[in-house]
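Each remark here refers to the structure printed beneath this line.
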Protein chains: 2
Amino acid sequence: MRVLANIVLVSLMGFFAAACQETGQETEQGETLANTPRASGFDTALESAENKINTQLLLPLTVPTPKDAGGGYTHEKHKENAKLIYDAGQLFKLTGEQKFADFAGKLMTAYADVYPYWDLHPAKKEQSPGRMFWQNLNESWWLLHVAQGYGAVKNALSSEQRTKIETDLLRNMAEFLSDGSPETFDKIHNHGTWATAAVGLTGYAIGDEDYVQQALLGLDKSGDAGFLKQMEKLFSPDGYYNEGPYYQRYALMPFVVFAQAVEQNDPERKIFERRDRILQKAIYTTIQQSYGGLFFPINDAIKDKGIATTELLYGVAIAYDLTGDKGLLSIAEAQDKFVLTPESRKVADDLAAGKAEPFDYKTMRLRDGENGTEGALDIIRASSNPNDLTLVVKNTSQGLGHGHFDKLGFLLYDAGHEIIRDYGAARFLNVEAKYGGHYLAENNSFAKQTIAHNALIVDQTSHFGGDTQTGNKYAPKIGVFANNDDLKITTAEIDTAYPDVTIVRTMALVRDAAFPQPIVIDLMEARSKASHQYDLPFYYNGQLTETNFELRGYATSREPLGNDNGYQYLWEVGKGKAVAGLSQVTWLLDRKFYTVTSSVPESTEIIFAEIGANDPNFNLRREPVFILRATSDEDVSFASVIEPHGEYNPIVEFTVDSHPGVKSVQHLKFGADHYIRVQTKDEQTVGLAVAGEMSKTAEHSIEIGGTDVTWTGPYKLFHSQKHTEGGE
Amino acid sequence: MRVLANIVLVSLMGFFAAACQETGQETEQGETLANTPRASGFDTALESAENKINTQLLLPLTVPTPKDAGGGYTHEKHKENAKLIYDAGQLFKLTGEQKFADFAGKLMTAYADVYPYWDLHPAKKEQSPGRMFWQNLNESWWLLHVAQGYGAVKNALSSEQRTKIETDLLRNMAEFLSDGSPETFDKIHNHGTWATAAVGLTGYAIGDEDYVQQALLGLDKSGDAGFLKQMEKLFSPDGYYNEGPYYQRYALMPFVVFAQAVEQNDPERKIFERRDRILQKAIYTTIQQSYGGLFFPINDAIKDKGIATTELLYGVAIAYDLTGDKGLLSIAEAQDKFVLTPESRKVADDLAAGKAEPFDYKTMRLRDGENGTEGALDIIRASSNPNDLTLVVKNTSQGLGHGHFDKLGFLLYDAGHEIIRDYGAARFLNVEAKYGGHYLAENNSFAKQTIAHNALIVDQTSHFGGDTQTGNKYAPKIGVFANNDDLKITTAEIDTAYPDVTIVRTMALVRDAAFPQPIVIDLMEARSKASHQYDLPFYYNGQLTETNFELRGYATSREPLGNDNGYQYLWEVGKGKAVAGLSQVTWLLDRKFYTVTSSVPESTEIIFAEIGANDPNFNLRREPVFILRATSDEDVSFASVIEPHGEYNPIVEFTVDSHPGVKSVQHLKFGADHYIRVQTKDEQTVGLAVAGEMSKTAEHSIEIGGTDVTWTGPYKLFHSQKHTEGGE
């Protein structure tokens, strides 16, 4: 391997020298390469791209007539061709070898021969159909790549070729995407960003300022639409994208790629400084919204998508170019892939030079909405270690068409795993046998419904009646968010999810010596004057080990838990009853135990269920859940402690602390003030006081077991004796 | 981090110099350390052990009265104490610091104070109870460690201490384990090996040759029992242990540790050369019986046990000492842990010096039985890459009390995952809430039963009527085993699993240019003159994507598939019917698709099921299976191709070849000869001829579609045209 690497290095050095002679580029890169202590990932990317194009040079060009939907042959072939044109362009820029320009030119010409004659795609989607692809979103994606490829090679093409490609392919497509598709182009939506970026990049590539102006300011160039408006509207001031991280990384790509072209061509626009460096923030928040390398799968998210996604290769490289933040290098290291841009090369070189530092994963509140007034995504991490205990509370707005009905829902991670999880989207991306790779019907009927989430369900109906338009109108009211060493806390409430119920959830990550690891406190309240049934699900991940109540799984038959609103997809598999207002459920995942101990209304039932009923096509994953169910004609609350504990070690064969440390949880109310008292089996007590108001100066005084407890401000953690005595 | 490592290195160097002065050891180790280019894992192990003992020095000794079963407090505490005594002994040997000897001496004395008064354990197991532990197996484990600890420190103890420890602890325990437990000590069984090794090591430690003789030759020193006999009987000539790898690694520990003591004390016994170096073979085969670092989970195996297990830390270090095989260093690297022995230090140092080479994972037949005549475990690997396609065919004997009823069953791995899997044991080791950490009732009633495996079930009853004693009497007859580049093949048959049915299974791993990846061909035949129902399960791992037959999962109710023999634990979740004698089932796992295409008897039903019925305590994992079910009053066969194909890439967002390449599979019979014809969708044909006899010289001639097909020997692969034309 080492020998091979040296050969590559030598050949690349020669190759750069040649490239520099031919194109007049400075030799800096080549020298950097020679001095690099270990092979840079960029070299691998370069070599791989070269090999791919060299192989293509021996094959006939294939430009199939559009036929297949996403995932099908023609769809994939056109995507592949766009990448080839893009890569050939970058290779030409890097090497100056004419063969790459020729190849890109020929392939674009082949498209120019046929594109003008393609009508709407035969498998077109109803909304925003494309011509080459089933939807024009893919067409924008295609043009974004090809425009860049063209810009890179155009000076090496004949003027006939240039005219043909510009007229019959680039302009034809750009006009189809702009004037021809105003409902997409002028929309404040990621599809709109793809379209404006593609058209804008085309403008720069062919030197048509009109395209650039339309891209930046909208079809009528008024600034009411277009890329700049999208920058204003699509990210919150904290850089949160309102559909969530799965779509954020996708939306990010046209933003950063086109912004960079703007920066290079129109530096006076200072595009990266706009709106308090919003694009840079957006790149960072995309990374922050991940765990174990994968994005938080809120809303319609395919769960195996994460920071290694192609879009973030561009994003991280551009952010590194802008900031020099060495923490980004460790993200690049985890990505372990590079694109053929100068910024990506710089990342690869610095990484190879050993400059990487750990990325600073943070506890943070990401406000949602263009003005930051529409809820927030709250991320609470026990530490900056990306695999440490992490709580995500979804206090965001609906998130448009890809949003789920899971107000104040949460996800919990620990030790690199999902502990209490979200289903994400019901979709097999590009898998033809699974409904053609589209979102499955179960995405709407199950995955979006409230019961598919760790959120409160009233009367077995979803939030906002399961209506997206209604959901889009209302966001939670966010309360306190604090990030201290021993206590990280968030509160939010919503009174619009159901007509006559206000839901308030306070979640906190607490460190106390009474517990060897941090615990999560979850206070879920529902305030209503009417009689309702309340379901609070915990989609636990792992194998149930014990409960504090009698539980017998149904042995010989199973039935769906309900008939609609997603309940029909759950098999009811067992049921128990809380013991003296306490429910305790323990499970084992990998090497650790987790217990949810909940103070619940009297006569609360605990329903165990598994996803998979009414699933004739085997579309859904089988995942377990337990649901705290209470019926009440007054306010109710579920106060839970989520406690990671113990170790199951099958290698060295020992198991410790398989039983929870928590003995009891109590929720005490004093007017608008709350006190959660957690008692452990070894008689330690941890208390969390939560005030009914957010004032930082208001004083609160309550009496707990004959003792006065006072504090100032919206919350206060009362440590255990063990902790106070420094017993940690 | 680098600074810290240097400090450790410096402190260790000083510490070795001191150690060498005090004990007169040669300085070689210390020098090696200084020259080591990177920190050795041994140093970490040493430092960690030192810290642990230093902490203990500040605490009172705790020797609790025996009370708890496995996993409970007293059980774990005694285990911990044995490890402390062992480690203190090794640290004293390495450092010469008296404090370590004192600590071990005090702790052993504390045991000597109480051990003589301990009667049988209150939670004793029925068979072979212990006094300190619930079973004397744990007591042997304890003495094996403590005897070594004592041997290391005894010269530093006072003669009073020595007398007390030898009399009241070591001899008392050794006699309890030998004369006091003859049914274990003289048994040819791993419990016997633990007992003989413990007593033998005690003999060496206290200088009592009588103990050594009993250990080696049995209580009566006749050689009919004891360690040497166990070496003869417990491993097959190929180094296979008849309970399978999960127990092999456990059984291995006393073998290698005691053998090493024999080698050091009685080198003239040449113990490691005995029986064609059987112990060395056994260490290697333990490693070979793993995939992705985890042991093949055949029989009663806990699935997360693998090569990093403590027993193999000793095993690999001793094997490396014996062989110098640098492939073992990469196993040690994967283990990433070291024990405090000189051999382990050597491994760590050589690893740190960069001497590791890839371990040579092999295709191999491991014959079972003391003479190698009782079946075999057949391991077929596509390459030496430990994560490549790997087929394991269980043609072994029953495997005693921990054996499962899965004659001719198989497991398939690919891309680092289980593809077609075995349930392993139903047990949560040491998890009190799960039946006290014992094997669960479901281990016998489900996990051992044939239906829990990828093996043929006749009339919904398990092999040998589910009777272990019957099973122990019969082994499969093994046929051909061959390992060629393009074809790796195994055949075995058994006519004793059912009264009037002979089962024959041929499995092959085939490379042909018609397939981008190797495929598996599986010919399962049942020969009988009576009418029977045949069930052939495939415990597929992943998400079902398509079938060639109509399949509707049961939407609103589920029932168990049967009433007994393990069937009661399966929910029937859907059913289909083979189309024109062909069944095709495709699923997706991680990034790849897998299809089983089977030529089946007409009117075969395909039953889809999931584990989890009759499981009131949530003891079982929910895993899916499809079962080919046919009823016949003559011979039947199921000829399947298992085909890994395509790629699902959610990162770069493409999916290719999600549909299988196989169009049809046919099983053609010509008297005793068979021909499996596999046709692909692009009209390629691959054929596998299997003769009815094993003769290497016999000529066979059959006619396929009007063409004569001839071959010599027991099998022949007929490549596709594409392959023959070099189209790979």
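Here is the interface size for B with A: some 4900 Å² of accessible area buried, both sides summed, with a 1.4 Å probe. So, R0 is 41 Å and r is the distance between the beta-carbons of A:Asn484 and A:Glu550; what FRET efficiency does that work out to, to 0.05? Step by step, r from the Cβ atoms, then E = 0.55.
Note on A:613-623: average number of Cβ atoms from other chains within 10 Å of each residue's Cβ is 5. Of the Cα atoms belonging to segment A:388-431, the radius of gyration and Dmax stand at 12.5, 34 Å. The calculated FRET efficiency for the pair A:Ala441 and B:Glu683, based on their C-beta separation and a Förster distance of 41 Å, comes to about 0.70. Rolling a 1.4 angstrom probe over the protein heavy atoms with all chains in place gives chain B an accessible area of 36 Å² per residue. Using a cut-off of 31 Å between Cα atoms, the listed pairs B:Lys83/B:Lys346; B:Lys303/B:Lys669; A:Lys488/B:Lys592 include B:Lys303/B:Lys669; A:Lys488/B:Lys592 as exceeding that distance.
With one equal scatterer per alpha carbon and no solvent term, the Debye-computed log10 I(q)/I(0) for segment A:583-703 at 0.10, 0.11, 0.20, 0.23 1/Å reads -0.48, -0.56, -1.15, -1.27.
Please work out the C-alpha center-to-center distance from segment B:404-464 to segment A:287-328 and express it in whole Å. Rounded to whole Å, the Cα centres lie 41 Å apart. For segment B:531-576 versus segment B:592-625, the spacing of their alpha-carbon centroids is 5 Å. Taking amide H as placed 1.01 Å from N in the peptide plane, B:Gly562 has its amide H under 5 Å from the amide H of B:Gln568, B:Leu570, each at least 5 places away in sequence or on another chain.
The simple Förster model, with R0 at 22 Å and r as the Cβ-Cβ distance, assigns A:Ala672 and A:Lys362 a FRET efficiency of 0.10.
Inter-chain neighbour count for B:564-572: the average number of beta-carbon atoms from partner chains within 10 Å of each residue's beta-carbon is 1.
Each principal axis of the Cα cloud of chain B was taken in turn, and the coordinate range along them, longest first, works out to 90, 55, 53 Å. Applied to segment B:240-246, the Karplus parametrisation 6.51 cos²θ - 1.76 cosθ + 1.60 on θ = phi - 60° returns per-residue 3J(HN,Hα) values of 8, 9, 6, 8, x, x, 4 Hz, with x for Gly and Pro. For a paramagnetic label modelled on A:Asn649 (point 7 Å from Cα along Cα→Cβ), amide N atoms under 14 Å away belong, within segment B:303-319, to B:308-311.
If you wrap segment A:40-217 in the convex hull of its Cα atoms and look at it from every side, the mean projected area works out to 10.2 nm². At full extension, B:Asp500 and B:Lys473 could sit 8.0 nm farther apart than now, given 0.36 nm per residue minus the alpha carbon distance. The peptide list B:285-292, A:123-130, put in order of mean Cβ contacts within 10 Å with the highest first, becomes B:285-292, A:123-130. The separation of segment B:374-392 from segment B:148-192, counted between C-alpha centres, amounts to 42 Å. Dividing the summed helix terms, -39500 (n - 2.57) for each DSSP H run of n ≥ 4, by the number of residues in chain A produces a 222 nm estimate of -10000 deg cm²/dmol to the nearest 500.
To the nearest whole number, what is the average tally of beta carbon atoms from other chains within 10 Å of the beta carbons of peptide B:642-650? Counting other chains' Cβ atoms within 10 Å and averaging over B:642-650 gives 2. Segment A:Asn387..A:Arg274, full-extension length gain: 37.3 nm, with 0.36 nm per residue of separation and the alpha-carbon distance subtracted. With label points built 7 Å along Cα→Cβ from the Cα atoms of A:Ser222 and A:Glu160, find their separation and express it in nm. Result: 4.6 nm between the two label points. Once Rg and the Kirkwood radius are both taken over the C-alpha atoms of the protein assembly as shown, their ratio Rg/Rh works out to 0.97.
Of the solvent-accessible surface of chain B, computed with a 1.4 Å probe and all protein chains present, 47% belongs to carbon and sulfur. Packing order of peptides A:110-121, A:442-453, highest average first: A:442-453, A:110-121 (average count of other Cβ atoms within 10 Å over each peptide's residues). Using C-alpha pairs under 8 Å with a sequence gap of at least 6, the mean separation divided by the residue count of segment B:576-725 gives a relative contact order of 16 percent. Relative contact order of segment A:364-726, taken over Cα pairs closer than 8 Å and 6 or more residues apart, is 12 percent.
Take the Cα of A:Thr707, step 7 Å toward its Cβ, do the same at A:Val579, and the gap between the two points is 2.7 nm.
Residue-wise HN-Hα couplings along segment A:495-502, as the Karplus relation 6.51 cos²θ - 1.76 cosθ + 1.60 with θ = phi - 60° gives them from phi, are 10, 10, 5, 10, x, 10, 10, 9 Hz; Gly and Pro carry x. The mean sequence distance of close C-alpha pairs (under 8 Å, at least 6 residues apart), as a share of the length of chain A, puts its relative contact order at 7 percent. Per-residue 3J(HN,Hα) values for segment B:395-411, derived from phi via the Karplus relation 6.51 cos²θ - 1.76 cosθ + 1.60 with θ = phi - 60°, read 9, 7, 6, 4, x, 6, x, 8, x, 10, 8, 9, 4, 6, x, 9, 10 Hz in sequence order (x marks Gly and Pro).
Could you work out Rg/(2.2 N^0.38 Å) for segment A:364-726, with Rg from alpha carbons only? Relative to the rule-of-thumb radius for its length, segment A:364-726 sits at 0.97. Each Lys or Arg adds one and each Asp or Glu takes one away; over the other residues whose Cβ falls under 13 Å from the Cβ of A:Phe464, this sums to 0. According to the Kirkwood relation over distinct C-alpha pairs, the hydrodynamic radius of segment A:234-360 is 14.5 Å.
The values are calculated or read from the model by the stated rules, or taken from the named source; none is laboratory data. Just so it is clear, the structure is predicted and the values come from calculations on it, not from any experiment. Every residue, glycine among them, receives a Cβ derived from its backbone with ideal geometry; neighbour counts consider all protein chains shown. Accessible surface is based on the protein model in full, side chains and every heavy atom, while ligands, DNA and RNA are left aside. Shrake-Rupley method; radii C 1.70, N 1.55, O 1.52, S 1.80 Å.
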